[in-house]
Amino acid sequence: MLDNIKHIILVLSGKGGVGKSTVSTQLSLALREGGYKVGLLDIDLCGPSVPYLLQLEGKDVHQSEAGWIPIYLDKEQQLAVMSIGFLLNNRNSSVVWRGPKKTSMVKQFLTDVCWGDLDYLIIDTPPGTSDEHITVMENLKEIKCDGAVIVTTPQQVSIEDVRKEITFCKKTGIAIIGLVENMSGFVCPHCSDCTNIFSKGGGESLAEILKIPLLGTLPIDPKVGQLLGKCCTKEYPDSPLSKEFQSIVNKIVEI
Amino acid sequence: MSEIPEHCPGVTSDTAGKASACAGCPNQTVCSSGEAKKPDPGIGLVRDRLSQVRNKILILSGKGGVGKSTVTALLSRFVARSNPEKNVAVLDIDICGPSQPRVLGVLGEQVHQSGSGWSPVYVEDNLSVMSIGFLLGSPDDAVIWRGPKKNGMIRQFLSEVDWGSLDYLFIDTPPGTSDEHLSAVTYLSEADLTGAILVTTPQEVALLDVRKEIDFCFKVKIKVLGVVENMSTFVCPTCRKSSEIFPASTGGARRMCEELGVPFLGGLPLDPALAKCCDDGEDFLAVLEGSRVVDDLKDVVTGVLKCCK
């Protein structure tokens, strides 16, 4: 099923709430703006955020003979999305599953979705280094995966978990495309002073210590959380965040 | 344990050991004999070990990075400081991303084993903590474990730590509704769990996961003591004006609580000084005395203690 996909990119972080899903969705949207055909697979089974972030909640996945048909964001079918969120009938219900069941679901997502021809498949993951991650890594062994984009915030408490995720990548042979530092600073809308709410420079020093590329540092911008399916580089092309994000996307495309 | 079949019906189900998926599973005989259906002996061990712990409170959130560990540390420090005669402890069951050693300022400490079990690490005379972080050799060490191994670790944490007699045990959890949560709830099923505090941030993408966590609490019958909204507003340290970093476009935690019929315990502001304290492991109550965080925290603690013995 993944044979006709040119590039597979994992979005990882040891820490939760650092912006994996935001980076995944915005990366997918930006790649689509660049004219690529993109797939976005959300393997966060307990807390799927992609359907909400792309305003696709309530859509139903259909089964065909060839497998599951993903949900398309656009009529042109340039961006295909798959998430467990589409399989739940109520947005409030929880998925209370232990590892083996999660493993088989992730496996199904990797083998049973009819993506068709894609330029990029972005895989959004939950925090941690457990069942979902091990399964993806095992299943991608036979298929070429370009590597992982690691997301962090500048705080030590986040960096600490991200170091563990990098160890996971190294141990399991996943290439690291680079690090994105999210929520780097907040420019006060009243006085334009920049506050480093979650400290600063953490991503840079981590990239240096572990000798991995720093793809970019994204400032906090409350507007991004409300984009909901729109691409930041298209909606706010002149904002500092969009400019930085576009440069991150360019770096990823070059690889 | 890594050989669990993909469609394992579960050891407690009626078809355990008899389903088609069970063929070839090394545990098939045990399962079909009904032996595995008996309650886990760990439940009794946990009950006995925690019989000297008056209040046991889970800190949950479906979402990661909303401040579960920060709120756990704030609550435990606050309760320990304002009640010097009470004993408080924190158990960190986030196996893949333990944060308590750093947030409580005991990074790099070692856990010792004695005849009566593991001795926790003491932050203050009346505040102790246990975390897998103390068992790892280096900060880069990753715990790449599937569910059953995490389950075993949590069982050990709940049944083998020598807490002594405690008034409050706060259990910090990872995000999600999976192995760690199910294990904790199962092992604590006879240990008289007080209930759960849920932590969220105001924006819908976090509330979405927290609603799932509340649904989990309803499903496994854990009492929801209340919801804490973290990072509610941000006060610029330069101009002192407030901004919403994570806008509550759907009414925030307060509205969610009304919809789901659970108590709202209060909100905590987003204060860069608090984030820095967490990174440095400093005692925020000393550093931030008189700040809004501490004032707002008082209300949250009052709400929590009302539910305790």
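The values are calculated or read from the model by the stated rules, or taken from the named source; none is laboratory data. The shown structure was predicted, so the numbers you read here are calculated from the model rather than taken from an experiment. For neighbour counting, all protein chains shown are included, and Cβ atoms are generated from backbone atoms with ideal geometry for every residue, glycine included. Protein only, heavy atoms only, side chains kept; ligands, DNA and RNA dropped before computing areas. Shrake-Rupley method; radii C 1.70, N 1.55, O 1.52, S 1.80 Å.
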Mind checking which residues of region B:257-294 are part of a loop (DSSP other than H, G, I, E, B), closer than 25 Å to B:L207 by Cβ and touching a residue at least 12 places away in the same chain (Cβ under 8 Å)? B:V262, B:P263, B:L268, B:P269, B:D271
Could you please tell me which pairs satisfy a Cβ distance under 6 Å, a separation of 6+ or placement on different chains, a first residue in region B:103-115 that is without any contact (Cβ under 8 Å) to a residue 24 or more places away in the chain, and a second residue that is buried (at least 17 other Cβ atoms within 10 Å of the Cβ) and part of a strand (DSSP E or B)? B:H112/B:S119
Using the structure shown, decide if B:V205 is farther than 25 Å from B:V301 by Cβ and in contact with a Phe, Trp or Tyr (Cβ under 7 Å, 6 or more places away or on another chain). yes
Scan B:G266, B:G281 and give me the residue that is at positive phi and either more than 14 Å from every other protein chain (Cβ to nearest Cβ) or surrounded by fewer than 16 Cβ atoms within 10 Å (Cβ to Cβ) (or both). B:G266
Can you tell me which residue is nearest to B:Y168 (Cα to Cα) among those in region B:94-126 that are part of a strand (DSSP E or B) and in contact with a Ser or Thr (Cβ under 6 Å, 6 or more places away or on another chain)? B:Y122
Tell me, please, whether a residue that is over 15 Å from A:K15 (Cα atoms), among the charged types (D, E, K, R), part of a loop (DSSP other than H, G, I, E, B) and out of contact with any Cys (no Cβ under 9 Å at 6 or more places or on another chain) can be found in region A:240-254. no
Name the single residue that is surrounded by the most Cβ atoms within 10 Å (Cβ to Cβ) among those in region B:13-54 being of a type in the set (D, E) and more than 30 Å from B:G115 (Cα to Cα). B:E35
Within region A:196-205, can you find the residues that are within 11 Å of chain B (Cβ to nearest Cβ) and open to solvent by less than 80 Å² (accessible area, probe 1.4 Å)? A:N196, A:I197, A:F198, A:S199, A:G202
Within region B:242-256, work out how many residues are surrounded by 19 or more Cβ atoms within 10 Å (Cβ to Cβ) and in a loop (DSSP other than H, G, I, E, B). 3
Using the structure shown, decide if B:G105 is open to solvent by less than 20 Å² (accessible area, probe 1.4 Å) and on the phi > 0 side of the Ramachandran plot. no
Exactly one condition in (1) farther than 28 Å from A:K20 by Cα; (2) in contact (Cβ under 8 Å) with a residue 60 or more places away in the chain; (3) part of a loop (DSSP other than H, G, I, E, B) is false for B:L297; which is it? (3)
Kindly list, by first and then second residue, each pair from a residue in region A:220-248 that is in contact (Cβ under 8 Å) with a residue 40 or more places away in the chain to a residue that is open to solvent by 30 Å² or more (accessible area, probe 1.4 Å) and assigned to a helix (DSSP H, G or I), limited to pairs with Cβ atoms under 7 Å and residues at least 6 apart or on different chains. A:V224/A:T22; A:L227/A:E235; A:C231/A:E33; A:T233/A:E33; A:T233/A:Q246; A:K234/A:E33
Within region B:206-241, residues touching a helix residue (DSSP H, G or I) at 6+ places or on another chain (Cβ under 6 Å) and within 9 Å of chain A (Cβ to nearest Cβ) come out as B:L208, B:I214, B:V220
When restricted to A:S130, A:S83, the only residue open to solvent by less than 40 Å² (accessible area, probe 1.4 Å), within 20 Å of A:S13 (Cβ to Cβ) and more than 7 Å from every other protein chain (Cβ to nearest Cβ) is A:S83
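Residue-by-condition table, conditions (1) within 14 Å of another protein chain (Cβ to nearest Cβ); (2) closer than 21 Å to A:E165 by Cβ; (3) hydrophobic (A, V, I, L, M, F, W, C):
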{"residue": "A:T111", "(1), (2), (3)": "yes, no, no"}
{"residue": "A:G116", "(1), (2), (3)": "no, no, no"}
{"residue": "A:D146", "(1), (2), (3)": "no, yes, no"}
{"residue": "A:V149", "(1), (2), (3)": "no, yes, yes"}
I need a count of the residues in region B:116-136 that are more than 14 Å from chain A (Cβ to nearest Cβ), at negative phi and either open to solvent by less than 40 Å² (accessible area, probe 1.4 Å) or at pLDDT 95 or above (or both). 13
Region B:222-243 residues that are under 18 Å from B:S291 (Cα atoms), paired with ones that are open to solvent by 20 Å² or more (accessible area, probe 1.4 Å) and aromatic (F, W, Y) (beta carbon under 7 Å, 6 or more apart): B:M231/B:F246
Select from region A:154-195 the residues that are free of Cβ contacts under 8 Å to residues at least 40 places away in the same chain, surrounded by 23 or more Cβ atoms within 10 Å (Cβ to Cβ) and among the small types (G, A, S) and list them in ascending order. A:S184
